[in-house]
Amino acid sequence: MPVTAIWFGRLLVVVGIVGYAYGLYNGAASPTALIPAAFGILLMILGHVAAAKGSLRMHLMHAAVLVALLGFVLSAGRLAMKARELTIGAALFSQLAMAILCLLFVILAVRSFIAARRELSAEP
């Protein structure tokens, strides 16, 4: 699961950088375009530390899921609040990409946690 956190973190960083670069190109760059990158950096840090510290792996992966869940709720909530006035643009794609990536990570992590729990209970 730490490798998954690292890869999803990388994807979120790419979303943030591309969104900010697009804003720079159009002359309307906003630091808020880097929000997905901030969440991605947190996921990458948690993934790398979990990979290095086996004793903390479970706790760090739970923290990573919490970060991703927060990222999903914030981005999806923002999209829902602006649903009536949504305009097709970079901000919409960035928020949508962040919501989808964070939700996918949460789903994969929960499935992994359930599988790990079943594996532990099946051992004699």
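Read-outs: derived from the displayed coordinates by stated rules, not from any lab. As the structure is a prediction and not an experimental result, all values here were calculated from the model. Quick reminder, even Gly has a Cβ in these numbers, built from the backbone with ideal geometry, and neighbours come from all protein chains shown.
Quick notes on this one:
- Test result for residue 33, surrounded by 12 or more Cβ atoms within 10 Å (Cβ to Cβ) and within 24 Å of residue 6 (Cα to Cα): yes
- Of the residues making up segment 27-53, those that are under 20 Å from residue 90 (Cα atoms) and without any contact (Cβ under 8 Å) to a residue 60 or more places away in the chain are 27, 28, 29, 30, 31, 32, 34, 37, 38, 40.
- Some residue of segment 1-16 being over 16 Å from residue 108 (Cα atoms), more than 14 Å from the chain's Cα centre (by Cα) and of a type outside the set (Asp, Glu): no
- Which listed residue is crowded, with 21+ Cβ neighbours inside 10 Å and farther than 16 Å from residue 70 by Cα, from 23, 47: 47
- Unique match (being more than 18 Å from residue 7 (Cα to Cα) and surrounded by 15 or more Cβ atoms within 10 Å (Cβ to Cβ)) among 79, 101, 92: 79
- Residues within segment 92-117 that are farther than 23 Å from residue 44 by Cα and touching a helix residue (DSSP H, G or I) at 6+ places or on another chain (Cβ under 8 Å), tallied: 1
- All positions within segment 83-124 that are among the β-branched types (Val, Ile, Thr) and farther than 17 Å from residue 73 by Cα: 87, 88, 114
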